[in-house]
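Step one of this worksheet: look at the structure below.
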Amino acid sequence: MERLQKVIANAGVTSRRKAEELIKEGVVKVNGVVVTELGTKVSGSDKVEVRGVALDKEEPVYFLFFKPKGVISSVSDEKGRAVVTDYFKGEPERIYPVGRLDWDTSGLLLMTNDGDFANAMMHPKHEIDKVYTAKVKGLADKINLRPLTLGVKIDGRITAPARYNIISVNPENDSSIVELRIHEGRNHQVKKMFEAVGLPVKTLKRDKFGDLDLTGLRIGEYRKLSKKEVSRLLNYKSV
Ligand code: URA
C-alpha cells in the first residue's frame, strides 16, 4: 500500500506536492469515489483517476542526458521548438527534466518520471554539487573570481560560496575558460554569477551533477541510471 499522492507522483503526472493539491481540490478518485484525505493508502489493484483520467502505472525510470545547445528543458513547446523529450521518443514513460538548463546551455540533465526524486534533486537542503564549464569574455584571475568564493548578490540574494578552477586564459581573444562548482540551482545562476564579477558567459556546459558526469555520452545521447547511482544521488554528500 502506498500513499495516494506518491502513487500519482510516481505515475509521472506531476510532483508529489502538486499531487497533494489535486487531492485537496477533489479531482482525484479511488475506485470511483472522490478522495480528499491526503494520507489515503492505495494498492496496485485500486483504480486511481485524476480529473477522470486513469493513471497508467509506470515503473520509475531515471536517465542521464547530454543535452545539446538550442533545446528547451521542457516536455513540449507551443511554438514547436526542440525540447528535451524529443530525444526520448523511444521511451514509453512520461518523463520530464529534473530542473532545467537554459536553451543555450549544453550538458548533463537528469530526466525521470519520478516526481519525488525530481523534487529531492532540486531541494536546496540536498546541496547537490553541480559543476559547469563556462567560456567567459575577459581575463579570469584570482582577484576577479574571488567574490564567487565568498558569495555575490544576484536578484537581491547572496549566493552560497562557490569553488572555481581556471582552465585557460586567452589574452589574444580576451576570453577565459573557468570551471565553477555550485550547489544551488537558481535561475540563470552561473551566468548571473559571472556577470556579477564582470566576466559575461559566452558558452556554458554542465559537466557534473553530484558524482555523475557525461563519460561515454555524445551530445544528444542518454543512458539509464543504475539503482546504485539513483540511491547515491538520494544520499548525496558534498565532497
Ligand atoms: N546557470 C545558468 O546560468 N544557466 C544554466 O543553464 C544552468 C546554470
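The table that follows gives values for the structure above.
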quantity	calculated
Any hit, segment 87-101, residues being open to solvent by 50 Å² or more (accessible area, probe 1.4 Å) and either within 15 Å of the ligand (Cβ to nearest atom) or in a strand (DSSP E or B) (or both)	yes
Options Lys142, Lys153; residue that is open to solvent by 40 Å² or more (accessible area, probe 1.4 Å) and within 16 Å of the ligand (Cβ to nearest atom)	Lys153
Number of positions in segment 121-139 that are more than 16 Å from the ligand (Cβ to nearest atom), open to solvent by less than 80 Å² (accessible area, probe 1.4 Å) and closer than 14 Å to Ile182 by Cα	1
Residues of segment 102-120 satisfying the condition of being hydrophobic (A, V, I, L, M, F, W, C) and either within 30 Å of Ile167 (Cα to Cα) or near the ligand (Cβ under 9 Å from one of its atoms) (or both)	Trp103, Leu108, Leu109, Leu110, Met111
Scope segment 177-216; condition more than 8 Å from the ligand (Cβ to nearest atom), assigned to a loop (DSSP other than H, G, I, E, B) and touching a helix residue (DSSP H, G or I) at 6+ places or on another chain (Cβ under 7 Å); matching residues	Glu184, Val197, Gly198, Leu199, Pro200, Gly210, Asp211
Residue ID - farthest from the chain's Cα centre (by Cα), chosen from residues in segment 161-176 that are part of a strand (DSSP E or B) and more than 16 Å from the ligand (Cβ to nearest atom)	Asn170
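The values are calculated or read from the model by the stated rules, or taken from the named source; none is laboratory data. Being a predicted model, the structure only gives us computed values, none of them experimental. Positions of Cβ are backbone-derived with ideal geometry, glycine not excepted, and every protein chain shown enters the neighbour counts. Areas reflect the complete protein model, heavy atoms only, side chains present, ligands, DNA and RNA absent. Shrake-Rupley method; radii C 1.70, N 1.55, O 1.52, S 1.80 Å.
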